[in-house]
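See structure below.
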Amino acid sequence: MSEKFVFEATDLKQLKNHYDVVIIGSGGAGLTSAIQAYELGLSPVILEKMDKIGGNTTRASSGMNAAETFVQLNHKIVDSFEDFYNETFIGGGKMNNQELLKFFTEHGALAIDWLAQHDIKLDDLTITGGMKTMRTHRPSSLAPIGGYLVTELLKYIAKYQIPLFDNIKVTDLLTDKGQITGVKALTDQEIMITTDAVVLATGGFGAGKDLLAEYRSDLLNLRTTNQPGATGDGLKLAKKIGAKLVDMDQVQVHPTVQQDTPHAFLIGEAVRGEGAILVNNDGKRFVNELDTRKNVTKAIDDLGGTGAYLIFDRDIRSRVKAIEFYDHVGLVKTGQNVEELAQEIGVDSQILQQTVYDWNAAVETQKDSKFNRTTGMERNISDGPFYAIHIAPAVHYTMGGVAINHKTQVLNEDNQVIKGLFAAGEVAGGLHGNNRIGGNSIAETVVFGRQAGQQVYKYLKD
């Protein structure tokens, strides 16, 4: 067995006072943009305020959406950019920034290829809510996408010796005549770094109580799936120098989050994508489990605060490796048969048995007459043991953020480019409209992370 890869941040003593590009944030977008910039001949640096590297990307579990990929063809799935665009547009309430959406849906396949060129192979497929086609790419090991992606990208950061400093917080973007000239940052002292370009890859504000209070105070009582560093720093930095913010009131609540423990755990959409169903406290289904996150969340909220249960079997469990982790930390209830499972979670055993029987019949006929589900019906729930996870909605993702164009250039209030400032990933707003489709956030980090690296190079060379 190969040794486990352990990444160590660069020693602060090695920090220089100038870099070609400063990348703020070490999640998928930051790492991708740094690698892309380096491969084009630039000298990037990554600054991360937390002591943990990877940001929210490390918490992603389902996969990365892309259309018209070789992986899909290998699985005999014929997809189109147009279908990917339309399903994302409809899923986002047709509020998506269409310039960003067009670029995003037409560059996903290239991003999958780029990852494959770096030995990061996403050669298995699943499906998430709001999609009609299997286009959520993931590793064939079925490992959760986020941790896998961050680890593999960090191998390149190490190989290329790209400096990545942790525990360093950028406090100001420095400009002269509206053009980026550097950053001010804080470690144990204040430091200045000169640069002609900055990439904001700081993530969203799902753990930022101040911004949530300002834009969505109705969500303040909900828990969050976000890592503690997701406080909207990049938005504040950009706004301070005149950047425009868009869609700030559009905050996604994820429907399936286990919250009976001190730490909230997101239960990835792949569990439903592989065939799990949701039942209420009576043991009955109440929603199309693979409707958009917005609609599934509303259906759970309408149950009156009880939450709901994900129900699945050994066969489905084997298709989602993250369940091993959920079980390891005590989130999974088990029954050797459906009756035993019902007793374990306190629902009527006859009703739950009937629900599972009806669902299996729907899978058999490929017709769900109760809730019109049409996806995630490849396997029924009949292979014991049987499992349940109690879930309820929690704050998950912020669709709003810094305004950018498809070149990842940050725009000011007059929609003019702020020279030298770029943004990629969740910090940028507009792509997802009023609801993000599962699998699109990881795709966004790679698609726009690559674009940021390329556009910084072009900007510095022109």
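General remarks:
- The region of the chain that goes longest without hitting one of the GluC sites (Glu not before Pro) in a DSSP loop, each with at most 10 other Cβ atoms within 10 Å, is 9-462.
- Extension gain from LYS94 to ASP315, taking 0.36 nm per residue of separation minus the Cα-Cα distance: 75.9 nm
- Here the sum of -39500 (n - 2.57) over DSSP H runs of 4 or more residues, divided by the residues of the chain, equals -9500 deg cm²/dmol at 222 nm, to the nearest 500.
- Charged neighbours of ALA109, selected by a Cβ distance under 11 Å, balance to -3 (K, R count +1; D, E count -1).
- For the range 340-462, the relative contact order is 18 percent, taking Cα pairs closer than 8 Å that sit 6 or more residues apart in sequence and dividing their mean separation by the residue count.
- What the pair-distance distribution of the range 253-351 shows, using all Cα-Cα distances binned every 5 Å from zero, is 2, 12, 23, 26, 24, 11, 1 percent.
- Relative intensity of the range 65-192 on a log10 scale, I(q)/I(0) at q = 0.10, 0.15, 0.17, 0.20 Å⁻¹, equals -0.51, -0.88, -0.96, -1.07, per a Debye sum over C-alpha point scatterers of equal strength in the absence of solvent.
- Unit charges on C-beta of K, R, D, E only; dipole of the range 184-261, Debye: 140
- Candidates per trypsin sites (Lys or Arg not before Pro) in the range 1-80, loop by DSSP, up to 10 other Cβ within 10 Å: LYS4, LYS16, LYS76
- Vicinal HN-Hα couplings computed from phi for the range 82-99 (Karplus, 6.51 cos²θ - 1.76 cosθ + 1.60; Hz; Gly/Pro x): 4, 5, 4, 4, 5, 5, 6, 5, 5, x, x, x, 6, 9, 5, 5, 6, 5
- Mean separation of Cα pairs under 8 Å and 6 or more residues apart, divided by the residue count, gives the range 169-231 a relative contact order of 23 percent.
- Note, ³J(HN,Hα) from phi for the range 389-401, Karplus 6.51, -1.76, 1.60, rounded to Hz, x at Gly and Pro: 10, 7, 9, 7, x, 8, 4, 10, 8, 10, 6, x, x
- Evaluated at q = 0.11 Å⁻¹, the base-10 log of the normalised Debye intensity for the chain, with identical point scatterers placed on the Cα atoms, takes the values -0.83.
- Projecting the Cα atoms of HIS254, GLY242, LEU303 onto the charge dipole of the range 241-303, computed from C-beta unit charges around the Cα centre, puts GLY242 farthest toward the positive end.
- Length-normalised contact order of the chain in % [C-alpha pairs under 8 Å, at least 6 apart]: 24
- Carbon/sulfur fraction of accessible area - the chain, other protein chains in place, 1.4 Å, %: 47
- Annotation: amide H of GLY129 within the under-5 Å range of GLY438, sequence separation 5 or more or interchain, hydrogens built in the peptide plane.
- Around the amide H of THR10, modelled in the peptide plane, lie the amide H atoms of LEU164, PHE165, ASP166, all under 5 Å away and 5 or more residues distant in sequence or on another chain.
- When the Cα positions of ASN372, THR10, ALA109 are compared along the charge dipole of the chain, THR10 comes out farthest toward the positive end, with charges on each C-beta of Lys, Arg, Asp and Glu.
- Each residue of the range 57-99 gets 114 Å³ once the volume of the Cα convex hull is shared out per residue.
- Accessible surface area normalised per residue over the range 11-166 is 40 Å², counting heavy atoms of protein chains with a 1.4 Å rolling probe.
- Normalised radius of gyration (Cα atoms, divided by 2.2 N^0.38 Å) for the range 1-107: 1.41.
- Sites matching trypsin sites (Lys or Arg not before Pro) across the range 196-249 that sit in DSSP coil, with at most 12 neighbouring C-beta atoms within 10 Å: none
The values are calculated or read from the model by the stated rules, or taken from the named source; none is laboratory data. None of the values given here were measured: they were computed from a predicted structure. Quick reminder, even Gly has a Cβ in these numbers, built from the backbone with ideal geometry, and neighbours come from all protein chains shown. Remember, those area values only see protein heavy atoms, side chains included, never the ligands or the DNA or RNA. Shrake-Rupley method; radii C 1.70, N 1.55, O 1.52, S 1.80 Å.
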